[in-house]
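For reference, the structure discussed in these notes is given below.
The values are calculated or read from the model by the stated rules, or taken from the named source; none is laboratory data. Model, not experiment: these values are computed from the prediction. Glycine also receives a Cβ, built like all others from the backbone with ideal geometry; neighbour counts cover every protein chain displayed.
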Amino acid sequence: MKFSVAYKVFSIALSLLVLFSTFSLTIEKHFCGDVLIDVAVFTEIEKCTDDTVSVFDKTDISKKSCCKDEIEVIEGLSQLTINSFEDLEDIQKQLLFSFSYIYLNRFEDILSSVIPKDDYLPPLLIKDIQVLDESYLI
């Protein structure tokens with residue numbers, strides 16, 4: 001049971017690692033002057049009012065806006081590479097094969113191994129020597 005729980009936790013952790021490595025993220029920041037007004041990750045940012053002022057004449061006088069937007073893009077992996085056994089070099093194939101062979105055969109049957117003193121019986125105690133010599137371990 002311990003191995004099944006550990007296996008499930010390990011597989012969930014690896015799947016989350018793959019998910020977050022392919023996840024792309026855009027962070028938008030809106031500044032007015034040097035003051036950060038709004039930060040948005042999954043929504044649109046709230047902007048200040050327009051700084052454009054129109055005069056009676058048909059000309060638009062526009063001030064230089066003190067507001068600015070910054071966009072940070074965190075890109076994830078676009079393609080995952082899947083390697084097969086044939087893509088490995090010869091030394092890597094040999095190492096993988098030997099590791100798997102040793103790992104699978106490391107559990108030997110203990111019952112089949114020979115225990116040399118299996119039929120040994122200790123001698124029978126006729127008298128308790130510690131009581132006769134009156135030496136007690138404390």
Only one residue in Cys48, Cys66 is surrounded by 10 or more Cβ atoms within 10 Å (Cβ to Cβ), modelled with pLDDT under 75 and among the hydrophobic types (A, V, I, L, M, F, W, C). Which one? Cys48
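Does Ser78 meet the test of being at pLDDT below 85, part of a loop (DSSP other than H, G, I, E, B) and either over 25 Å from Val18 (Cα atoms) or basic (Lys, Arg) (or both)?
Values: at pLDDT below 85: yes; part of a loop (DSSP other than H, G, I, E, B): yes; either over 25 Å from Val18 (Cα atoms) or basic (Lys, Arg) (or both): no.
Spelling it out, it is not the case that Ser78 is at pLDDT below 85, part of a loop (DSSP other than H, G, I, E, B) and either over 25 Å from Val18 (Cα atoms) or basic (Lys, Arg) (or both).
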Of all residues in the range 16-44, count the ones that are closer than 22 Å to Gln79 by Cα, not polar (S, T, N, Q) and not in a strand (DSSP E or B). 6
May I ask you to list the residues in the range 81-107 that are outside any helix (DSSP H, G or I), at pLDDT 80 or above and farther than 26 Å from Leu17 by Cα? Glu89
